[in-house]
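Participant: Dropping the structure in here first, questions after.
The values are calculated or read from the model by the stated rules, or taken from the named source; none is laboratory data. Remember, predicted model here, so these are calculated numbers, not experimental data. Side chains included, ligands, DNA and RNA excluded: accessible areas come from the protein's heavy atoms. Shrake-Rupley method; radii C 1.70, N 1.55, O 1.52, S 1.80 Å.
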Amino acid sequence: MRLLKLLSGDFIKLVFVAMVIASPVAWWAMNQWLRDFNYKIDINWMYFILAGMGLSSSP
């Protein structure tokens, strides 16, 4: 059980680092793509934070 906790802790750290790196890039790419549509919408950065929180809270 302790080994599983240790491995999952390391995995969560890697997922967090990946979210920190990928979220700004994804936000920028989505804004660039969505600005060319007739019905413009803005992607709020909170969606990416909520996705990261949801990912970290999943079992």
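Participant: Report, in degrees rounded to the nearest 10, the 0 to 90 angle that the Cα long axis of helix 46-57 makes with the longest principal axis of the chain.
Facilitator: For helix 46-57, the angle is close to 20 degrees.
Participant: Which order do W27, W45 take by accessible area at a 1.4 Å probe, largest first?
Facilitator: Numbers: W27 95, W45 145 Å².
Result of the area sort, largest leading: W45, W27.
Participant: Divide by every residue of the chain the summed helix terms, -39500 (n - 2.57) for each DSSP H run of at least 4, and state the resulting mean residue ellipticity at 222 nm, rounded to the nearest 500 deg cm²/dmol. Don't skip to the answer; put the middle values down first.
Facilitator: Working: 2 runs with 45 residues, N = 59.
So the calculated ellipticity at 222 nm is -26500 deg cm²/dmol.
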